[in-house]
Structures are given as structure tokens and as C-alpha cells.
1. Restricting attention to region 390-417, and to residues there that are surrounded by 13 or more Cβ atoms within 10 Å (Cβ to Cβ) and without any contact (Cβ under 8 Å) to a residue 24 or more places away in the chain, which single residue is nearest to Cys142 (Cα to Cα)?
2. State whether the residues of region 106-121 include one that is over 15 Å from the mean Cα position of the chain (by Cα), over 30 Å from Ser407 (Cα atoms) and of a type in the set (Ser, Thr, Tyr).
3. Kindly list, by first and then second residue, each pair from a residue in region 253-266 that is open to solvent by 70 Å² or more (accessible area, probe 1.4 Å) to a residue that is of a type in the set (Asp, Glu), limited to pairs with Cβ atoms under 8 Å and residues at least 6 apart or on different chains.
4. Please count how many residues of region 164-189 are charged (D, E, K, R) and surrounded by 14 or more Cβ atoms within 10 Å (Cβ to Cβ).
5. Filter region 203-215 down to residues that are open to solvent by 80 Å² or more (accessible area, probe 1.4 Å) and modelled with pLDDT of 90 or more and give me whichever is nearest to Glu114 (Cα to Cα).
6. Which numbered condition in (1) open to solvent by 90 Å² or more (accessible area, probe 1.4 Å); (2) over 22 Å from Val306 (Cβ atoms); (3) assigned to a helix (DSSP H, G or I); (4) of a type in the set (D, E, K, R) is the only one that Glu365 fails?
7. What do you reckon, is Ser192 farther than 18 Å from His135 by Cα, in contact (Cβ under 8 Å) with a residue 40 or more places away in the chain and surrounded by fewer than 19 Cβ atoms within 10 Å (Cβ to Cβ)?
8. Tell me whether region 152-162 contains one or more residues that are basic (Lys, Arg), more than 25 Å from Pro262 (Cα to Cα) and open to solvent by less than 20 Å² (accessible area, probe 1.4 Å).
Amino acid sequence: MSHAYKVQKQLKEEQMLLVKPLINENLVLVPPTQSKFTVVDHNFDARQKKRVSEDQQILADRVLGESDRIIDETRQLTEQWKKESDFRLKERLVDIQFLLDEVKRQKSEACLEEEALKIYRNRLLNTKKLLDAEHITRQCVCLREKRIGIDLVDDDVEKELKRELNTFDGCRLILDETLSQINEQIRRLRASNYLLDRDSFNKDKSYHIDEVNLTMRPDQQEMSVYEGSNSLENYNTTPKEWEKLTMANIQNAAKELNTAKPLRSYCDVILKQVIEDLTNQVNRTNEAFMQRISEIRYAKAALERVHNETATKVNDITRNITRLEKELADKEGFVALCQTRLANRAYRPGPELCKDNVHNALSQELQTLKETVVSLNKMLIETKATLRYLLHTQMTQEEQINIKTNSLKIDDVDCMTAREGLKFTSF
């Protein structure tokens with residue numbers, strides 16, 4: 001600090017001391033007489049002011065030089081960091097674009113796989129609709145319950161129909177399980193697609209922000225110092241975490257894709273196996289039907305042949321009864337003739353009533369006629385009994401033929417006509 005400055009400060013302090021006691025007095029203040037400086041003080045003050053001026057000029061020169069240096073240095077540093085930031089922005093844009101392309105590619109594959117699974121789901125649903133034909137099998141079971149008599153038998157057809165119902169139940173169960181797996185896989189793919197969509201949206205937005213940042217210049221009109229409320233140092237993830245999160249989404253989608261593709265192959269196998277099982281079982285049941293129908297036709301033809309033979313025998317027996325009755329009627333005439341002759345000869349007088357050869361012949365004839373009548377009556381009774389048995393047998397045969405006819409109608413007409421709807425095609 002210069003000497004002149006110290007002197008001036010001392011004078012001001014003395015003036016304040018003189019004025020202070022008089023502040024509250026109603027007095028007229030008369031300025032004190034100023035003290036005068038000496039020549040030495042004057043010369044010293046001049047030299048001091050000159051030295052201060054020179055020091056200030058030297059300081060100004062140093063400040064100007066330092067300012068130029070700092071300006072050049074900061075300009076260079078600013079340009080350097082701007083280039084570094086631009087380079088990092090371009091590098092970041094490349095990284096974002098790379099991951100964005102990977103996300104979009106994975107999402108595209110996941111969408112295609114989801115659509116493929118939907119197609120397989122529709123195939124499974126269409127195949128499941130084929131199982132509605134189960135009512136035909138149940139209808140056949142109900143129709144065959146209408147068989148009567150001995151034909152109501154637990155034959156091979158009945159067993160194959162039960163196996164057919166079990167095949168329908170088994171196919172429905174495995175189709176339901178596969179549908180459940182398909183729906184779950186579609187849900188998981190949609191969840192992966194949601195994560196990829198969100199990641200893609202965020203990366204698109206981030207890419208747009210950095211792309212705008214890259215095109216910005218410090219001399220733009222709308223450029224101003226940031227006065228927002230968000231922190232400029234705010235961040236949620238590190239670059240490794242950012243990349244790891246995206247790669248985790250991509251890997252998760254890839255994992256679901258790797259799970260979905262074998263599932264589609266499994267569906268192909270299931271669909272093929274279901275159709276083959278249904279077709280093979282229906283064919284086996286149809287073969288059992290045809291075999292049974294053939295057996296019933298053969299049995300019916302045999303019964304009809306035997307029935308025709310029985311009818312012929314009934315006609316023969318009926319004619320034989322007529323002959324026997326005619327013979328009996330004829331024998332009655334001969335018996336009456338023989339008895340009349342014997343009765344007439346019983347009126348011979350005296351010794352003429354002789355047991356001669358005529359009497360013996362007539363007696364023998366009458367005895368023979370009686371034995372013949374008894375034999376004919378016995379034969380007539382036996383023939384009538386045989387006729388009754390034949391008629392009963394004929395009626396039984398007709399009942400059996402009706403039973404076979406009913407069974408043929410059920411199996412050949414009703415069941416086989418209904419079973420024409422049991423045709424399965426692959427989807």
C-alpha cells in the first residue's frame with residue numbers, strides 16, 4: 001500500500017473524530033484547515049504512483065498474455081473435447097444401431113415364430129374338431145344295443161368300438177396337452193416381443209436424441225445455457241449394464257425361439273400320430289364290422305336254407321298226414337265190410353254156424369285190419385307230433401332269421417352308413 005494513500009486515510013480518520021462529538025449539537029461545522037504536504041511527500045507520492053502505474057501495466061500485459069494463452073488453450077481443449085464428444089456420439093450411434101438391428105432381427109424372427117405357432121394352434125384346433133366324430137362311435141354303440149336275442153353278444157365289433165372310444169379320449173387328451181404347451185409358448189414369445197419392443201422403442205428414441213445432438217452446433221440461434229430441472233449427471237445404467245440388458249432380451253427371445261421350433265416339430269409328430277391312430281382304429285373297427293356282417297349274412301343264409309328245407313318237410317309231413325288219414329278212412333270201410341260179413345254169417349242156422357275157413361279168414365282179416373288201424377293211428381299221432389315240432393322249429397328259425405335281419409340292418413345299414421363320416425384328414 002502507498003504512503004500517500006496511508007496519509008489520506010489518516011486525515012479522514014482525524015476528521016471523523018473531530019466531527020463525531022458534534023453530531024448531536026446544533027452547531028455550524030467549519031471545515032478544518034487542511035494540512036499541507038512536504039515536497040518530499042509530494043515526490044514520494046509521485047514516484048509511488050508511477051511505480052503503481054508501471055506495475056499495473058506490467059500486470060495488464062501479463063493478464064493479456066495469459067488471457068491469450070488461456071483462450072487458445074481453452075479453444076483448443078474445447079475443440080478437442082467437442083471432437084471427442086462427436087466421435088463418442090458417432091460411436092454410440094453405431095453401437096445403438098447395431099443393437100437396434102439385432103433387436104429388430106430377433107423380434108422379426110420371434111414374430112414369425114409366433115405366427116407359425118398360431119398356425120400350428122389352428123391345426124391342433126381343427127384336428128380336435130375331428131374328434132367330434134366320436135358321437136358316431138357312440139351312436140354305433142347305442143344302435144348295437146338294439147340287437148335282440150342271441151345276437152346281443154360282446155363280439156369283436158363291440159371290443160373295437162370300445163377301443164375306438166378310448167382312442168378318441170387319448171387323442172383328445174394329448175391334443176389338449178399340446179395346445180396348452182403351444183398357448184404357453186405363444187405367451188412367452190409375446191412376453192419376449194414386449195421386452196424387445198420396449199427396448200427397440202427406447203433405442204430408437206435414444207438414437208434420435210444422439211443423432212440430433214450430433215448435428216447441433218454451438219453457434220445455433222436456439223442454443224442457450226441449460227436451465228432445466230433434470231440433473232445433467234443423471235444416469236440409470238452403465239454401458240456394460242445397458243448392453244447386458246439388451247443382450248439378455250435378445251438371448252431370452254432366442255431361447256424361446258429354440259424352444260418353439262422343437263415344439264412345432266413335436267406338433268407335427270402329434271398331428272400325424274393322432275390321424276394315424278384314429279384312421280387305423282377306424283379301419284380295424286370297420287374290418288370287424290365287415291367280418292361280423294359277413295358272419296351274420298352267412299348265418300342268415302344258412303338259416304334261410306334250413307328254413308326252406310323245414311318248410312319242405314312241413315309240406316311233406318302235411319301231405320303224409322293227409323295220406324294217413326285217407327288210409328285210416330279207407331281201412332274203416334274194410335273193417336266195416338269184414339264186421340258186416342261176420343255179423344251176417346252169425347245168423348246162419350244150426351249146424352251151419354260153423355267155424356269154417358271163411359270165418360277164420362274173416363276173423364284174421366278183422367284182426368289184421370284192427371292192427372293196421374292201430375299202426376296207422378300211431379303213425380298219424382307221431383306224424384302230427386313231428387309236424388308240431390317242425391312248425392315250432394320253423395317259427396324258431398323265422399325268429400332267428402328276423403334277429404339276423406335286424407342285426408344286419410343295424411350293422412350294415414345303420415352303423416356302416418353312419419361310419420362313412422369317420423374320415424380323418426391331416427391339417
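The values are calculated or read from the model by the stated rules, or taken from the named source; none is laboratory data. Computed from a prediction, not measured in an experiment: that's the story for all the values here. When we count neighbours, we look across all protein chains shown, and the Cβ atoms used for this are built from the backbone with ideal geometry, even at glycine. For the accessible areas, the whole protein counts, side chains as well, though only heavy atoms, and no ligand, DNA or RNA atoms are used. Shrake-Rupley method; radii C 1.70, N 1.55, O 1.52, S 1.80 Å.
1. Lys409
2. Looking through region 106-121, at least one residue is over 15 Å from the mean Cα position of the chain (by Cα), over 30 Å from Ser407 (Cα atoms) and of a type in the set (Ser, Thr, Tyr).
3. Listed by first residue and then by second, the contacts come to Lys261/Glu113.
4. Restricting attention to region 164-189, the residues satisfying the condition of being charged (D, E, K, R) are 164, 169, 172, 176-177, 184, 187-188.
Remaining after also requiring surrounded by 14 or more Cβ atoms within 10 Å (Cβ to Cβ): 164, 172, 188.
Number of matching residues: 3.
5. Within region 203-215, the match that is nearest to Glu114 (Cα to Cα) is Lys205.
6. Every listed condition holds for Glu365 apart from (1).
7. Details: farther than 18 Å from His135 by Cα: yes; in contact (Cβ under 8 Å) with a residue 40 or more places away in the chain: yes; surrounded by fewer than 19 Cβ atoms within 10 Å (Cβ to Cβ): no.
When the stated conditions are applied, Ser192 does not pass them.
8. The first filter runs over region 152-162 and keeps only residues basic (Lys, Arg), leaving 159, 162.
Now restrict to residues that are more than 25 Å from Pro262 (Cα to Cα): 159, 162.
Remaining after also requiring open to solvent by less than 20 Å² (accessible area, probe 1.4 Å): none.
Checked against the condition, which is being basic (Lys, Arg), more than 25 Å from Pro262 (Cα to Cα) and open to solvent by less than 20 Å² (accessible area, probe 1.4 Å), region 152-162 yields no hits at all.
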